[in-house]
Amino acid sequence: MSGRIADATWPELEQIELVVVPVGSIEQHGPHLPLDTDATIAVGVAEAVAAALGGAWVAPPVVYGSSGEHQAFPGTSSIGTDVLHLMLVELVRSMRTWTRRVLFVNAHGGNVQALTDAVRQLVDEGHDVAWAPCTTEDVDLHAGRTETSLMLLLCPNSVRLDLAEAGNTRPLTELLPALVTNGVRDVSANGVLGDPAGASAKEGALLFERMVRDVLARAAVPVT
């Protein structure tokens, strides 16, 4: 048996093997993508991963993440790395009383430090927990062709293609110093890092398949 734990009753969740927890953010994604883009992608990948594994359950997403670099844009709602870290730790401690394993599926780069530290701490405590990113070799930086294609696949009605425009297309290595010091707005007035031109649901399907495959590969390897 499997499904979304939010739709289940407690007897259905006794002695289950795996809970997959999507982790995203509420932050600006340029003028054409919604604030919940990362959460939407994380949920989509988590549900596909759970279906492929069989018998896994999907938790409601952790929608608030560490998004301070986007704070200059209205709508961005960040809880920061320290709070996210504590939240993830307490969530696993609770879930592990009724599931054998927890897998976080993350779709926001700003959450990486919290996830890495939380999983390390939890493994040291003896918990069976891991995390995996929604990423492939072809992913661009932010609100560009990659995320636009994925959203055209997963939630097309939320994409405002008529408002899509290119942002700063320089590589991350060049942008990182200013981005870390002053945030995304300092390097991109519209919040886009990349160019959404050419995005399509067909391309999104290919990216999505690779992301699911990559998460499944990581999920099969115990955390050390």
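Check each of the chymotrypsin sites (Phe, Trp or Tyr not before Pro) in segment 89-147 and keep only those in coil by DSSP with at most 15 other C-beta atoms within 10 angstrom; list them in order.
Answer in residue order: Trp98.
On a full-extension model of 0.36 nm per residue, what is the gain between Ala217 and Arg100, subtracting their alpha-carbon distance, rounded to one decimal in nm?
40.2 nm
Which value, in debye to the nearest 20, gives the size of the charge dipole of the chain about its Cα centre, when Lys and Arg are +1 and Asp and Glu are -1 at the Cβ? Let's see the in-between values first.
Details: 14 positive and 27 negative charges, 45 e Å.
Using Cβ point charges on Lys, Arg, Asp and Glu, the chain gives about 220 debye.
Of Ala39, Ala201, Ala143, which is the most mobile in a GNM of the chain whose springs link Cα atoms less than 10 angstrom apart?
Ala201
Measuring from centroid to centroid over Cα atoms, what is the spacing of segment 199-220 and segment 152-190 in Å?
21
On C-alpha positions alone, give me the angle between the axis of helix 172-182 and the longest principal axis of the chain, in degrees, nearest 10.
Roughly 90 degrees between the two axes.
Using 0.36 nm per residue, how much length does the chain from Val180 to Ser200 gain when fully extended, once their Cα-Cα distance is taken away?
Contour length minus Cα-Cα distance gives 4.1 nm.
Per residue of the chain, what 222 nm ellipticity follows from adding -39500 (n - 2.57) for every DSSP H run with n ≥ 4, rounded to the nearest 500? If you can, show how the numbers build up before the last one.
On the way: 6 runs with 86 residues, N = 224.
Theoretical 222 nm ellipticity from helices: -12500 deg cm²/dmol.
With everything on Cα atoms, drop me the angle between helix 112-124 and the longest principal axis of the chain, reported from 0 to 90° to the nearest 10.
20
Taking the Cα atoms only, what angle lies between the long axis of helix 145-154 and the longest principal axis of the chain, rounded to 10 degrees?
50
Please give the per residue accessible area of segment 1-113, computed with a probe of 1.4 Å over protein heavy atoms only, in Å².
41
Which residue, Leu122, Leu33, Pro177, has the largest displacement toward the positive end of the dipole of the chain when charges sit on each Cβ (Lys, Arg +1; Asp, Glu -1)?
Leu122
Between the DSSP loop rule and a limit of at most 13 other Cβ atoms within 10 Å, which GluC sites (Glu not before Pro) in segment 77-162 are left?
Answer in residue order: Glu125, Glu137.
Relative to a virtual label point 7 Å from the Cα of Ala166 in the Cα→beta-carbon direction, which members of segment 109-150 show backbone nitrogen distances below 18 Å?
Backbone N within reach: 140-149.
In a Gaussian network model over the chain where Cα atoms closer than 10 Å are linked, find which of Leu172, Leu35, Leu115 has the largest mean-square fluctuation.
Maximum fluctuation in the GNM of the chain, among the listed residues, is at Leu172.
Using 0.36 nm per residue, how much length does the chain from Arg210 to Gln15 gain when fully extended, once their Cα-Cα distance is taken away?
Extra length available between Arg210 and Gln15 comes to 67.1 nm.
Select from segment 151-224 those trypsin sites (Lys or Arg not before Pro) which occupy a DSSP coil region and have at most 16 other Cβ atoms within 10 Å, ordered by residue number.
Details: sites: Arg160, Arg185, Lys202, Arg210, Arg213, Arg218; in loops: Arg160.
Here the sparse-neighbourhood loop sites are Arg160.
With +1 on the Cβ of every Lys and Arg and -1 on the Cβ of every Asp and Glu, and nothing else charged, how large is the dipole of segment 1-90 about its Cα centre, in debye rounded to the nearest 20? Before the final figure, lay out each step's value.
Numbers: 1 positive and 11 negative charges, 29 e Å.
About 140 debye.
Set Lys and Arg Cβ to +1 and Asp and Glu Cβ to -1, take the dipole of segment 35-154 about its Cα centre, and tell me which of Phe73, Val112, His142 lies farthest positive.
My answer, from the dipole projection, is Val112.
Over the chain, what percent of the accessible surface lies on carbon and sulfur atoms, probe 1.4 Å?
On the way: 5700 of 10510 Å².
Summing carbon and sulfur atoms, their accessible area is 54 percent of the total for the chain.
With every protein chain in place, what's the accessible area of Asp140 (1.4 Å probe, Å², nearest 10)?
Accessible area of Asp140: about 40 Å².
Place a label point 7 angstrom from the Cα of Ala8 along the Cα-to-Cβ direction, then list the residues of segment 118-148 whose backbone nitrogen is under 18 Å away.
Only 128-130 pass the distance filter.
For segment 69-145 and segment 37-65, what is the separation of their C-alpha centers, rounded to whole Å?
The distance from the Cα centre of segment 69-145 to that of segment 37-65 comes to 12 Å.
What whole-number value in cubic angstrom gives the convex hull volume per residue for the C-alpha atoms of segment 21-82?
On the way: hull volume 4.9 nm³, N = 62.
Enclosed volume per residue, from the Cα hull, is 80 Å³.
The values are calculated or read from the model by the stated rules, or taken from the named source; none is laboratory data. Note that this is a predicted model, so its numbers are computed, not measured. Every residue, glycine among them, receives a Cβ derived from its backbone with ideal geometry; neighbour counts consider all protein chains shown. Side chains are part of the model used for accessible areas, which takes the heavy atoms of the whole protein and leaves out ligands, DNA and RNA. Shrake-Rupley method; radii C 1.70, N 1.55, O 1.52, S 1.80 Å.
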